[in-house]
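Participant: Take a look at this one; I'll ask things after.
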Amino acid sequence: MTIIEPAAFEGRSPAADRPPHLTEPRLVRGMLIALALLFLGVLLVLPLIVVFTEALQKGVKVYAAAITEREALSAVRLTLAVAAIAVPLNALFGLAAAWAVTRFTFPGKNALVTLIDLPFSVSPVIAGLMIVLLYGAHGLFGPWLAERGLQIVFAFPGLVLATVFVTFPFVARELIPTMQALGTAQEEAALTLGAGGLRIFWRVTLPNVRWALLYGLVMTNARAMGEFGAVSVVSGHIRGQTNTIPLHVEILYNEYRFTAAFAVASLLALLALVTLGIRQSVERRHLRRAGGGPAGVLAGGEEGG
């Protein structure tokens, strides 16, 4: 057994212990950091500053009047209602899809995983057009729906369908790798102790994946409230009825009501900041409980069981 004397480490600089890819000159590191900060400043921070500056340009009274007018409040209520339905539906789908993919082997499993990512590769506008072609007045199911007095497109149900489609990968994509990393050891142990499937889910599986689930819900909610493309196609832009916050901002801007447009847009910006804060809080708490590493993630999952 070789004993390394403490003196062997004397005179070694911290840079000598770094991996080769972290030993770039200080100038290179500084340039990379400056480039990243410049990119973030120009594309993220500066637009946020412009939004709030333009929104408050004519004073707080004008700002308050813009966000409290009837059509603006209707857009806020509609956006919240759509998100309140789309987020729980995607939570159920994400849990079911993650459970099926990570706990069972069946024909078409790879196809299911691929289909989960479909909204990431399909333009939201195309997604909205697909809904119109299926449920519109002249669509595949349009005549059948019309005979029963049901309207999907240019109505609230169409907004929900479009939002659900563009947001359903987020929860599943957070849960699948987490459940794969955790494995099935705890669930098998609970099964040998006589626990049923539903009890195993509530007492073992769900506590282990709760932070991944919460993270997916936060991202789903943010995308649902900010969705524009798919919702724009199926809404019909009916003021006070089918205009969500992004669509209301577009209408105000096209009417050259710039202050009002930026005022309503600031609500979405505030939502983005709140979402970012919640996401960081969830990540920090998850890492604190998990121990900050891959091994800690498994230990944290076991502790949660």
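Participant: Any chance you could count how many residues in the range 108-157 are out of contact with any helix residue (DSSP H, G or I) (no Cβ under 8 Å at 6 or more places or on another chain) and charged (D, E, K, R)?
Facilitator: 2
Participant: Another one. Is it the case that Thr114 is touching a residue at least 60 places away in the same chain (Cβ under 8 Å), hydroxyl-bearing (Ser, Thr, Tyr) and assigned to a helix (DSSP H, G or I)? Walk me through how you get there before you give the answer.
Facilitator: Working: touching a residue at least 60 places away in the same chain (Cβ under 8 Å): no; hydroxyl-bearing (Ser, Thr, Tyr): yes; assigned to a helix (DSSP H, G or I): yes.
So Thr114 fails the test.
Participant: Criterion first (closer than 30 Å to Gly59 by Cβ, part of a helix (DSSP H, G or I), of a type in the set (A, V, I, L, M, F, W, C) and in contact with a Leu (Cβ under 8 Å, 6 or more places away or on another chain)) does Val274 satisfy it?
Facilitator: no
Participant: Considering each residue of the range 37-48, count those that are among the β-branched types (Val, Ile, Thr) and surrounded by 11 or more Cβ atoms within 10 Å (Cβ to Cβ), and give that number. Give the steps one after another, and end with the answer.
Facilitator: To start, the set of residues in the range 37-48 that are among the β-branched types (Val, Ile, Thr) comprises 42, 45.
Still in the list and also surrounded by 11 or more Cβ atoms within 10 Å (Cβ to Cβ): 45.
The qualifying residues number 1.
Participant: With respect to Leu56, determine if the residue is within 18 Å of Leu270 (Cα to Cα) and at pLDDT below 90.
Facilitator: Details: within 18 Å of Leu270 (Cα to Cα): yes; at pLDDT below 90: no.
Considered against the rule, which asks whether it is within 18 Å of Leu270 (Cα to Cα) and at pLDDT below 90, Leu56 comes out as no.
Participant: Here is a follow-up. Looking at Phe106, is it surrounded by 15 or more Cβ atoms within 10 Å (Cβ to Cβ), among the aromatic types (Phe, Trp, Tyr), modelled with pLDDT under 95 and not in a helix (DSSP H, G or I)?
Facilitator: On the way: surrounded by 15 or more Cβ atoms within 10 Å (Cβ to Cβ): no; among the aromatic types (Phe, Trp, Tyr): yes; modelled with pLDDT under 95: yes; not in a helix (DSSP H, G or I): yes.
It is false that Phe106 is surrounded by 15 or more Cβ atoms within 10 Å (Cβ to Cβ), among the aromatic types (Phe, Trp, Tyr), modelled with pLDDT under 95 and not in a helix (DSSP H, G or I).
Participant: Another question, if that's okay. Please pick out the residue among Ala34, Ala96, Ala81, Ala64 that is without any contact (Cβ under 8 Å) to a residue 12 or more places away in the chain, closer than 25 Å to Glu174 by Cβ and exposed (fewer than 15 other Cβ atoms within 10 Å of the Cβ).
Facilitator: Values: Ala34 fails: closer than 25 Å to Glu174 by Cβ; Ala81 fails: without any contact (Cβ under 8 Å) to a residue 12 or more places away in the chain; Ala64 fails: closer than 25 Å to Glu174 by Cβ.
The conditions single out Ala96.
Participant: Can you name the helices (runs of 4 or more DSSP H) wholly within the range 125-232 that have at least 3 residues being of a type outside the set (Ser, Thr, Tyr) and within 18 Å of the chain's Cα centre (by Cα)? Talk me through it step by step, then tell me what you get.
Facilitator: Details: elements: 142-147, 156-167, 169-182, 185-192, 197-200, 206-226.
It comes to 156-167, 169-182, 206-226.
Participant: Report the residue count in the range 133-188 for those that are farther than 23 Å from Leu213 by Cβ, out of contact with any Leu (no Cβ under 8 Å at 6 or more places or on another chain) and of a type in the set (Phe, Trp, Tyr).
Facilitator: Number of matching residues: 2.
Participant: Looking at Leu115, is it closer than 25 Å to Leu271 by Cβ and either crowded, with 16+ Cβ neighbours inside 10 Å or under 27 Å from the mean Cα position of the chain (by Cα) (or both)?
Facilitator: On the way: closer than 25 Å to Leu271 by Cβ: no; either crowded, with 16+ Cβ neighbours inside 10 Å or under 27 Å from the mean Cα position of the chain (by Cα) (or both): yes.
Answer is no for this residue.
Participant: Phe93 - would you say it is part of a helix (DSSP H, G or I) and in contact with a Pro (Cβ under 7 Å, 6 or more places away or on another chain)?
Facilitator: no
Participant: Quick one: Phe258 ticks every box in (1) over 30 Å from Leu287 (Cβ atoms); (2) under 27 Å from the mean Cα position of the chain (by Cα); (3) touching a residue at least 12 places away in the same chain (Cβ under 8 Å) bar one, so which box is it?
Facilitator: Condition (2) is where Phe258 drops out.
Participant: Looking at (1) surrounded by 21 or more Cβ atoms within 10 Å (Cβ to Cβ); (2) in contact with a Gly (Cβ under 8 Å, 6 or more places away or on another chain); (3) more than 30 Å from Ile126 (Cβ to Cβ), find the lone condition where Pro207 falls short.
Facilitator: (1)
The values are calculated or read from the model by the stated rules, or taken from the named source; none is laboratory data. The model shown is predicted, which means the values in this text are computed figures rather than measured ones. All Cβ positions, glycine included, derive from the backbone under ideal geometry; neighbour counts span all protein chains shown.
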